Amino acid sequence: MGLIMKTIILFFHSILLFTQFIYSQWDLVYPDIPTDHINDLIFLDQYKGYCVNKAGDILETSNGGLDWEIIKYYPEHSIVELKFLDELNGFSFVNKLIFQQGDVPFIYTTDGGDNWEEAQITMNDARSFLPISLSQMIKSVNDGIKKLDNFFND
């Protein structure tokens, strides 16, 4: 085979590889029912991850997202955000559906998601939040940023 033919084959092969790279496709790994609106997703390493959804579920994967298991369910709520400080300590808040009244539950885990507890923290005005340490967190509200210095009341 001549040099020109080898160059042409190499050129078309390069275009094919480049085209596949540019047009990479995403594969749906969860949910099986696409109406479960995922609100937030976080991975602690390449295998362990969590997601929260509009249906009030906290889901966990231990195999990089191939399989998901519901580990906590808050009926008639939508879980908005999920933050972890480390592999054990995670935080979230739950939006009540529009027709419900009352406080927005703030939930947390200190054992890597095995158990979730509610904390008596006002989150009704929160647009977003960020834990800074195990005792401190901040939240954004319409008129600024607020800080909480003693989350666990130590």
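The values are calculated or read from the model by the stated rules, or taken from the named source; none is laboratory data. Note that the structure is a prediction, hence the values are computed from the model and not measured. A quick note on method: Cβ atoms are made from the backbone with ideal geometry, for glycine too, and the neighbour counts reach across all protein chains shown.
You will find that of ASN95, ASN89, ASN63, the residue that is out of contact with any Lys or Arg (no Cβ under 8 Å at 6 or more places or on another chain), free of Cβ contacts under 8 Å to residues at least 24 places away in the same chain, under 24 Å from ASP125 (Cβ atoms) and not β-branched (Val, Ile, Thr) is ASN95 and no other. Going by the conditions given, is VAL52 part of a strand (DSSP E or B), surrounded by 15 or more Cβ atoms within 10 Å (Cβ to Cβ), in contact (Cβ under 8 Å) with a residue 24 or more places away in the chain and in contact with a Leu (Cβ under 6 Å, 6 or more places away or on another chain)? When the stated conditions are applied, VAL52 passes them.
Test LEU88 against the stated conditions and say whether it is in contact with a Gly (Cβ under 8 Å, 6 or more places away or on another chain), at pLDDT 90 or above and within 20 Å of LYS139 (Cα to Cα). Full working, then the answer.
Values: in contact with a Gly (Cβ under 8 Å, 6 or more places away or on another chain): yes; at pLDDT 90 or above: yes; within 20 Å of LYS139 (Cα to Cα): no.
Criteria not met by LEU88.
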